[in-house]
Structures are given as C-alpha cells and as structure tokens.
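Structure first, commentary second.
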C-alpha cells in the first residue's frame, strides 16, 4: 500500500472512531418536581422513549421511585443516549405502587407530564410531552391535582 493511501486510510478510521464516540455520548436529565402539597409517600416517575407506548405502565424506558420528604423533589436520570423522551409521574400519597383513580379513570393523586402537558378530558399525547436529550438538561414539572 502506498504511503498516501495508507495515510488516507488512517485518517478515515480516525474520523469514524471520533464520530462513533460523539454519537455514543450520554446525557444527564435532572427533573425538578414542584407543587407538592403533602410531604409523604413516593414520587413514581416513568421515562418513555417510544411514542407508541407512552403512558402505558410497564413500557417505560426507565423508572424511578423517590420518597417525598420535601415540597420539591429532584430526580436524576443519568447516562441517557441522545433521543426523544416523555415523562409521566405521579405522587403516590399512600405508597400503594399504583396511581389511584376515580370510577371513570381520572387520577385522584397528583400527577405530571413533561412540558406540563395537559388535555381536558383526555390523557396528554406524546407530541405534547416529548423533548429531545442532546445535552445535559434540567426540566421542571408541576404537579396537577
């Protein structure tokens, strides 16, 4: 192999390696959850990465459960690949592990969605809740009753 071709090959491999490292970079998502009225129970947080399964229990990309010991809860998701995500959370006041609902399925425990998405008489949609992780990010979610 001639020297110019060898040098170009090495340069090409170097560029591919650097690009691969950059695209594999992971990010930290910090959530500030505000509007907590009762300091008890747990905050149950689901991070979704798929529009088809958004808000379906058991379909979360990652789940965190945090004891509520203040009127503001901070949650951190580390090592998130660059992608689009949506968050659904609820304040499990009685620590039952399930969100309590009334007879027509409306939550009776405080809840929140990324982007503070809200729809009257229906669950928020993915496109209303979605955000992109392309760097470390902090978002605020306000609880609804």
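Of note:
- Both radii are taken from the alpha-carbon atoms of segment 80-145; with Rh as the Kirkwood radius, Rg/Rh is 1.02.
- Cβ-based exposure ranking for 118, 85, in which fewest neighbours within 10 Å come first: 118, 85
- Put in order of Cβ neighbour count within 10 Å, fewest first, the listed residues 111, 126 become 126, 111.
- Exposure proxy ranking, count of Cβ atoms within 10 Å, fewest first, for 73, 63, 106, 130: 106, 63, 130, 73
- Hydrodynamic radius of segment 26-142 per Kirkwood, over alpha carbon pairs, in Å: 14.4 Å
Coordinate-derived values only; no laboratory data. These figures come from a predicted structure and were not determined experimentally. Please note: Cβ atoms are built from the backbone with ideal geometry, for glycine as well, and neighbour counts cover all protein chains shown.
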